[in-house]
């Protein structure tokens with residue numbers, strides 16, 4: 001599949017950081033940065049932007065805050081090969097006076113993650129970053145659980161906003177191909193002229209397949225992570241996506257080498273991927289939170305009891 | 001997705017046996033049999049039928065031969081709940097005089113696996129089993145590598161044969177959704193009135209997604225295995241497929257319980273699933289043989305060297 005508009009955004013450190021509280025060493029992040037730049041990836045999302053006045057840094061790695069100096073240090077001496085840098089922001093976790101103009105920042109893009117219900121706040125936050133000169137996106141989380149009427153209302157508001165790119169985010173890893181198709185077509189209808197993005201989760205081993213499905217129907221901004229790292233079942237594996245995209249600007253080899261050198265060991269220390277409790281939450285369109293709690297407990301392999309816990313009494 | 005014609009065939013023991021030389025205990029096979037019957041699965045493929053005169057049984061478990069008495073023993077006292085039993089045969093590995101009539105056999109179905117080039121032999125073999133009263137299928141392996149002209153010729157011959165069900169088999173785990181779509185439509189065009197089956201491999205995490213894709217386009221006979229067990233990257237995970245199919249005859253819980261009780265331990269002893277060398281052979285549409293050899297060697301994690309080994313000199 002070749003379409004010149006297609007851009008790939010790697011969120012290995014940002015989404016992977018959700019598993020280990022962003023406890024990645026500078027060397028590790030640099031190794032990822034170098035490999036992604038060599039592979040021709042368009043954007044690397046290094047972490048979250050947040051104010052230390054609002055979130056205590058205790059126990060959290062530096063990629064949770066993405067201070068300019070920390071990021072410059074890791075980029076030092078690296079040929080970025082045109083790769084842009086991105087950070088994600090949460091609503092209510094940045095201070096207006098801490099935002100510096102884009103031309104003074106190491107970052108090119110800021111992405112705002114939002115549930116449908118918070119879309120007004122997201123639009124306001126995007127405006128601030130847009131006015132400071134950043135590229136922006138809004139990532140609408142958990143669309144599998146959004147009511148059509150609410151989602152359509154949000155999309156109408158986004159159509160009027162500054163944001164050029166809006167993401168379909170399958171937070172629960174619950175969407176099947178026909179639903180992805182439906183979502184991408186809906187976004188296109190309500191957001192003429194804007195780019196559609198896809199961020200898929202792998203609870204049902206569908207993150208990569210759903211990313212392909214969204215490409216077929218017109219999505220041009222694709223999230224992926226190295227070896228599929230990410231919270232719970234993880235994300236669309238970058239190595240598979242590069243194998244699919246036929247654009248000659250992409251190279252697969254640096255990612256394979258990175259997995260060999262860094263990710264095999266990492267996977268022995270922290271857990272992500274296809275594991276039955278995540279499959280269960282995906283099938284049931286539930287947030288993976290309960291599955292993560294199970295995997296952190298002594299009952300981690302008690303799948304049947306976990307499955308039964310969803311067969312609760314009816315709420316009427 | 002509900003369509004009453006859809007049948008699910010579990011080949012956990014048959015395809016899983018390719019990793020451990022069918023070294024499953026009677027208790028293990030019985031546990032699988034009981035869980036599948038409870039789950040409402042239509043067919044369980046217990047192993048291969050083969051003549052001990054042709055294949056030496058040394059080092060191979062009994063499920064490589066599927067003697068009637070062995071199978072009867074494991075079925076003893078189990079309520080099959082309407083589940084039929086299946087065995088696979090390889091061309092040239094059964095003796096005509098060893099085939100007993102279906103009404104005297106514990107098996108209901110025999111499946112013949114064949115490359116396109118061997119289709120005449122497959123048709124002849126199917127005829128023998130058909131004449132003995134068995135249900136039959138022909139599973140055309142490695143369709144991703146078959147030339148269209150050869151595949152179409154084979155399908156024309158199959159249209160004239162006794163076989164009621166013909167499978168699309170993605171042996172290399174190389175097919176993308178649009179190619180699955182193309183294959184299923186081609187089979188339907190050339191095989192009017194016959195059932196189309198799908199047997200997908202998981203090298204690119206697409207086995208389940210491609211199974212769904214084939215269902216959407218009309219496939220009604222679906223192969224899957226518990227926890228996706230199978231040679232190399234394995235197969236379409238049964239638990240995910242049951243989560244997708246809305247037919248009330250299927251139950252997910254017995255499969256979840258089976259995974260908890262048997263498959264977590266098994267996975268610690270034998271390897272299958274998404275592993276980079278299998279992803280590489282899938283992306284390149286190569287047989288996974290080389291990846292299996294790598295994983296059996298001391299260089300099992302040398303992914304980059306393995307990737308480079310395919311960048312060989314041009315053959316002109």
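Since every read-out is calculated from the coordinates, none of them should be taken as a lab result. Being a predicted model, the structure only gives us computed values, none of them experimental. Counting neighbours? That spans all protein chains shown, and the Cβs are built from the backbone with ideal geometry, glycine included.
Taking beta carbons within 10 Å but only from partner chains, what does the mean come to for residues A:295-304? Before the final figure, lay out the partial values.
Values: counts 0, 0, 0, 0, 0, 1, 5, 1, 11, 8.
Averaged over the peptide's residues, the number is 3.
Consider the operator that turns chain B into chain A: which B residue has a Cβ nearest its axis, and what is that gap in Å?
Taking Cβ atoms only, the nearest residue and its distance are B:209, 2.
Would you work out if chain A is rounded, prolate or oblate? Take a ≥ b ≥ c from the square roots of the eigenvalues of the alpha-carbon gyration tensor; rounded if a/c is under 1.5, else prolate when a/b is larger than b/c, oblate otherwise.
On the way: a/c = 1.29, a/b = 1.12, b/c = 1.15.
The shape class here is rounded.
Given axes a ≥ b ≥ c from the Cα gyration tensor, I'd like to know whether region B:64-201 is rounded (a/c under 1.5), prolate (a/b larger than b/c) or oblate.
Values: a/c = 2.08, a/b = 1.69, b/c = 1.24.
Prolate, since a/c reaches 1.5 and a/b exceeds b/c.
From Cα pairs below 8 angstrom and at least 6 apart in sequence, can you work out the relative contact order of region A:170-231, rounded to a whole percent? Walk me through the numbers on the way to the answer.
Working: 68 pairs, mean separation 24.4, N = 62.
Computed value for region A:170-231: 39 percent relative contact order.
Would you work out the relative contact order for region B:228-316, in percent, from Cα pairs under 8 angstrom that are 6 or more residues apart? The partial results should precede the final answer.
On the way: 52 pairs, mean separation 25.0, N = 89.
About 28 percent, as a whole number.
Top mean-square fluctuation among A:170, A:131, A:285, Gaussian network model of chain A, C-alpha springs under 10 Å?
Fluctuation is largest for A:131.
Just to check, using Stokes-Einstein with a Kirkwood Rh over alpha carbon pairs, what's the diffusion coefficient of the protein assembly as shown at 4 °C and 1.567 mPa s in µm²/s? The partial results should precede the final answer.
Numbers: Rh = 25.8 Å.
Taking Rh from Cα pairs, D becomes 50 µm²/s.
In deg cm²/dmol, rounded to 500, what helix-only [θ] at 222 nm does chain A give when every DSSP H run of at least 4 residues adds -39500 (n - 2.57) and the total is split over its residues?
Numbers: 13 runs with 120 residues, N = 316.
Calculated from helices alone, the mean residue ellipticity at 222 nm is -11000 deg cm²/dmol.
Starting from the Cα gyration tensor of region B:1-127, take the square roots of the eigenvalues, sort them a ≥ b ≥ c, and report rounded, prolate or oblate (rounded when a/c is under 1.5, otherwise prolate if a/b is larger than b/c, else oblate). Write out the running numbers ahead of the final one.
On the way: a/c = 1.62, a/b = 1.21, b/c = 1.34.
It comes out oblate by the Cα gyration axes.
Arrange A:191, B:238 by Cβ neighbour counts within 10 Å, fewest through most, would you?
A:191, B:238
Give me the distance in nm between label points sitting 7 Å out from Cα along the Cα-to-Cβ direction at residue A:78 and residue B:90, one decimal.
Once both label points are built, they end up 4.9 nm from each other.
Distances from residue B:7 to the same position in the other copies: list them in nm, one decimal, shortest first, using label points 7 Å from Cα along Cα→Cβ.
Counterpart label points of residue B:7 in the remaining copies fall at 5.1 nm.
Provide B:41, B:6 in ascending order of the number of other Cβ atoms located within 10 Å of each residue's Cβ, fewest first.
B:6, B:41
Using Cα centres only, tell me the gap between region B:196-255 and region A:171-225 in whole Å.
Using only Cα atoms to place each centre, the spacing works out to 21 Å.
At 7 angstrom along the Cα-to-beta-carbon line, where would the label on residue B:104 sit relative to the other copies? Give the distances in nm, shortest first.
Relative to the other copies, residue B:104 has label-point distances of 9.2 nm.
Return A:115, B:48 ranked ascending by Cβ neighbour count within 10 Å, so the fewest neighbours appear first.
By the 10 Å Cβ count, ascending: A:115, B:48.
Relative contact order for chain B: what is it in percent, counting Cα pairs under 8 Å that are at least 6 residues apart? Write out the running numbers ahead of the final one.
Working: 603 pairs, mean separation 56.2, N = 316.
After rounding, I find 18 percent.
Take every residue in peptide A:280-289, count the Cβ atoms of other chains within 10 Å of its Cβ, and give the average of those counts. Mind dumping the intermediate values first?
Working: counts 4, 0, 2, 6, 1, 0, 0, 0, 0, 0.
So the per-residue partner count for this stretch is 1.
Looking only at region B:33-68, which residues have a backbone nitrogen under 12 Å from a spot 7 Å from the Cα of residue B:296 in the C-beta direction?
Within reach of a label on residue B:296: no residues.
What is the distance in Å between the Cα centres of region A:275-297 and region B:272-316?
Value for the Cα centre distance between the two parts: 32 Å.
Expressed in nm to one decimal, what extension gain is obtained for the pair residue A:305 and residue A:162 from 0.36 nm per residue of sequence separation less their Cα-Cα distance? Don't jump to the answer; show the numbers that get you there.
Working: separation 143, 0.36 × 143 = 51.48 nm, distance 4.73 nm.
Additional length available on full extension: 46.7 nm.
Sorted from shortest, what are the nm distances separating the label point of residue A:311 from equivalent points in the other copies, each placed 7 Å from Cα along Cα to C-beta?
List, nearest first: 5.3 nm.
Quick check on chain B: of the DSSP beta bridges with both residues there, what percent are antiparallel, nearest 5%? Kindly include the intermediate steps, with their values, before the conclusion.
On the way: 1 of 37 bridges.
Just about 5 percent of them are antiparallel.
Principal axis extents for region A:234-290, Cα atoms only, whole Å, descending order, please.
Its Cα atoms span 40, 27, 13 Å along the three principal axes.
Give the separation of the Cα centroids, region B:87-153 to region B:45-80, in Å.
Cα centres, region B:87-153 to region B:45-80: 18 Å.
Restricting to the protein assembly as shown, what percent of DSSP beta bridges are antiparallel, rounded to 5?
On the way: 2 of 74 bridges.
The answer is about 5 percent antiparallel.
Given a Förster distance of 45 angstrom, what is the FRET efficiency for residue A:51 paired with residue A:284, based on the Cβ-Cβ distance and rounded to 0.05? Can you show the working numbers first?
Values: r = 36 Å, r/R0 = 0.80.
E(calc), rounded to 0.05, equals 0.80.
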